[in-house]
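Okay, so here's the structure we're looking at.
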Amino acid sequence: PIPYRARQEMLSQVRLSRVFNFVGRRFCHTHWAIDTEEGLRSLDTHLSTRSYIQGHTLSQADITLFAKFRETPPSELVHLNRYFHQMSSWKNEQAHHPHGRLPVKALFEGDLNLVGKEVIVGGWIKTGRDQRNTIFLSVNDGSSPTNAQILISPELIAEESVNGYTASTLASTGASILVQGVVQQTPSDVRNAKQKIEVHANRILHFGRSTPQYPIAKGKLELDYVRSFTHLRSRSSIISSVMRIRNAISFATHQFFQSRGFIYIHSPIITSSDCEGAGEQLQVTTLIKSADQEVLGTQIRQEDVNTAQSAVTEQEKTIQELRARSASSKTVKRALEVLSQKTKALEEVKYRHALVGGLPRRPNGTIDTAHDFFGKSAYLTVSGQLEAETMACALSSVYTFGPTFRAENSQSRRHLAEFWMIEPEIAFCDMFGMVRYAEDYVRFCCRQILETCHNDLQLLSDLGGSSCMARVKQVVETPFIRLSYTEVISILKAAIANNEVTFENPVEWGIDLASEHERFIAEVHVKGPVVVFDYPKHIKAFYARQNPDGKTVAAADVLVPGVGEIIGGSQREE
């Protein structure tokens, strides 16, 4: 095995200039023809005084020469054999951990095949314990939901004490560590061992201290708590698993569309158009930073704020007096309504008092955006659809995959101010062609995460107590059922009439299906993924193609159990 620092020096030598590489290749080809016995003996003699072709560091000449070997050199050529096995080890190491460190995921993929081999493993300490003068560390580098166990012997602890690292320091949660050690099989007498292998460290290459206040513990943490530590939340098990699954789905998205001939385009993030026509856009402006005067109305003084504050205080005292003499609930309720009005008035006065003007105005008092950075109103995009449509009219099949923004005043998890959206546009395609792409895409992504993120899905199921693993498998294994909007309304009405379910939102033809309606269809009626098509035209976007009946449009949504709608699309008007 090559020591860590020597390996780093070796890799730096590989990244030499093109001139050196060219010279190395010429040097290699000129001196030795390794397909002849004479050439092999000459090379063996050359290597008797050096480790590599050009000295004691790896160069491009070595890489070029090694690639020409078709078999192991004769055993009597001792120096050449040593060189050959040294280069073979380097090649294998490059395949598994080209930058020196073996990811935790690769460690477990190697499993028992790595027993007895020296590796470099690192990450952040999840937990550490000192047992019989040996430190047991549970370490994770973010490549896998499973933690690697690293053992630090008493001898190594004694060596590191010179650097100021005590046993308690080395076992501190949240610290970063990089060790070189030998992979060993976990002893059979260890109870509840989660891994078959562990790493016995023989050298600590790096250690980054943590603090006793480190907030991310190993166990289950509430999401609200984790979110309060923005810079550390990705070290929690649940967030890191979500990130790995999100990464797998993003990669699968590009795989899916690229394999089907789609062209990936980048739509602008800042735009002057309202693609959806709903006006729910976040505006981009540089005017506000130059404001220096009152924007609207008369100047609000501090005295006005004080007066509004006094009115609120007086009303609060009035309510206390009413309650003290046991006034009727109707009287107290009216007093509370007055307090609410005065509180809102106080907030408005405070807001206007804090405003700074200086904004250019039109005669009607509105802001004149002709003086803004772009010379007009500009917004964060709500969709890349317009740009994708124009591209599809030249490139046939395209897709965008990027951030979009909505200024919807909603606190639900299904309405975010910022999210990433995938928007394919296909020329010469009808609604059912679009539906086939949607079905194939959802199934492809679910299959990919089952293959690449199985352990992450299992972790989320265990931590959240949910059946996300079963739902993903259900989408992969169950055929998509297609129902028209009219059929869906009939099914919902029949379920209500038979007392099978009670909905908060009314059900009648023409409504925009609520989440409870969508989930009932997917989870209870179909028990699998569903495609609902031919929606009423007044609840879908203006650009959806109108059907011959004059009442519906060629639009479709994909619904899955546990979520409801995950894809919406339509055939466009020609």
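Between Leu205 and Leu178, Val179, Gln180, the built amide H atoms are under 5 Å apart, and every one of these is 5 or more places off in sequence or on another chain. For the chain, with all protein chains in place and a probe radius of 1.4 Å, 52% of the accessible heavy-atom surface sits on carbon or sulfur.
Mind running the shape call on segment 174-278? Use the C-alpha gyration tensor, a ≥ b ≥ c as the square roots of the eigenvalues: rounded below 1.5 for a/c, prolate if a/b tops b/c, oblate otherwise. Prolate shape, in that a/c is at least 1.5 and a/b is the bigger ratio.
Mean separation of Cα pairs under 8 Å and 6 or more residues apart, divided by the residue count, gives the chain a relative contact order of 9 percent. Centre-to-centre separation between the Cα atoms of segment 527-574 and those of segment 475-524: 14 Å.
In the chain, the longest principal axis of the Cα atoms and the axis of helix 385-395 are about 50 degrees apart. With a Förster radius of 30 Å applied to the C-beta separation of Arg447 and Glu276, the computed FRET efficiency comes to 0.45.
Ellipsoid fit via the Cα gyration tensor, segment 380-420: semi-axes of 27, 9, 7 Å, each the root of five times an eigenvalue, largest first. The label point for Arg482 and the one for Glu573, both projected 7 Å from the Cα toward the Cβ, are 2.5 nm apart.
The label point for His46 and the one for Ala158, both projected 7 Å from the Cα toward the Cβ, are 4.7 nm apart. Each residue of segment 329-335 was assigned a 3J(HN,Hα) from its phi angle through the Karplus curve 6.51 cos²θ - 1.76 cosθ + 1.60 (θ = phi - 60°); the sequence is 4, 5, 5, 5, 4, 5, 5 Hz, with glycine and proline shown as x. Exceeding 19 Å between C-alpha atoms, which entries from my cross-link table qualify? They are Lys105/Lys473; Lys68/Lys117; Lys317/Lys344; Lys105/Lys126; Lys289/Lys376. Pairs exceeding the cut-off: Lys105/Lys473; Lys68/Lys117. Judged by the ratio a/c of the largest to the smallest principal axis of the C-alpha gyration tensor, segment 107-148 counts as oblate, that ratio being 1.5 or greater while a/b is no larger than b/c. With the Cα gyration tensor of segment 439-488 giving a ≥ b ≥ c as the square roots of its eigenvalues, does the rule (a/c under 1.5 for rounded; else a/b larger than b/c for prolate; else oblate) give rounded, prolate or oblate? It comes out oblate by the Cα gyration axes.
Normalised per residue, the accessible area of the chain is 57 Å², obtained with a 1.4 Å probe and no contribution from ligands, DNA or RNA. Taking every DSSP helix (H) stretch of at least 4 residues in the chain, weighting each as -39,500 (n - 2.57) and dividing the sum by the residue count yields a mean residue ellipticity at 222 nm of -12500 deg cm²/dmol.
Heavy-atom accessible area, probed at 1.4 angstrom with all protein chains present, ranks Asp130, Asp35, Asp304 as Asp35, Asp130, Asp304, highest first. Mean projection of the Cα convex hull over all viewing directions, computed for segment 216-346: 18.0 nm². For segment 365-376, 3J(HN,Hα) computed residue by residue from phi via the Karplus equation (6.51, -1.76, 1.60; θ = phi - 60°) reads x, 7, 5, 8, 6, 5, 9, 7, 4, 9, x, 7 Hz, glycine and proline entered as x. If the segment from Ala514 to Ile496 were pulled out straight at 0.36 nm per residue, it would be longer than the present Cα-Cα gap by 5.0 nm. Could you work out the relative contact order of segment 96-162, using alpha carbon pairs under 8 angstrom and six or more residues apart, expressed as a whole percent? Taking the mean separation of contacting Cα pairs over the length of segment 96-162, I get 26 percent.
Projected label points at Ser326 and Lys551, each 7 Å from Cα along the beta carbon direction, are separated by 6.2 nanometres. Could you work out the percent of alpha carbon pairs in segment 425-509 separated by over 20 Å, rounded to a whole number? So the pairs more than 20 Å apart make up 59 percent of the total in segment 425-509. Taking the longest Cα principal axis of the chain as reference, the axis of helix 4-14 is set at about 90 degrees.
Can you give the FRET efficiency to the nearest 0.05 for Thr230 and Arg436, using r as the Cβ-Cβ distance and R₀ = 30 Å? Result of the calculation: an efficiency of 0.15.
Computed from the alpha carbon positions, the gyration tensor of the chain leads to an equivalent ellipsoid with semi-axes of 59, 36, 30 Å, biggest first. Computed 3J(HN,Hα) for segment 520-532, one whole-Hz value per residue from the Karplus formula 6.51 cos²θ - 1.76 cosθ + 1.60 where θ = phi - 60°, is 4, 4, 6, 8, 9, 6, 8, 6, x, x, 9, 10, 9, glycine and proline marked x. Between Asn547 and Thr552, Val553, Ala554, the built amide H atoms are under 5 Å apart, and every one of these is 5 or more places off in sequence or on another chain.
The values are calculated or read from the model by the stated rules, or taken from the named source; none is laboratory data. Remember, predicted model here, so these are calculated numbers, not experimental data. Positions of Cβ are generated from backbone atoms using ideal geometry, with glycine treated the same way; all protein chains shown enter the neighbour counts. For accessibility, only protein heavy atoms count, side chains too; no ligands or nucleic acids. Shrake-Rupley method; radii C 1.70, N 1.55, O 1.52, S 1.80 Å.
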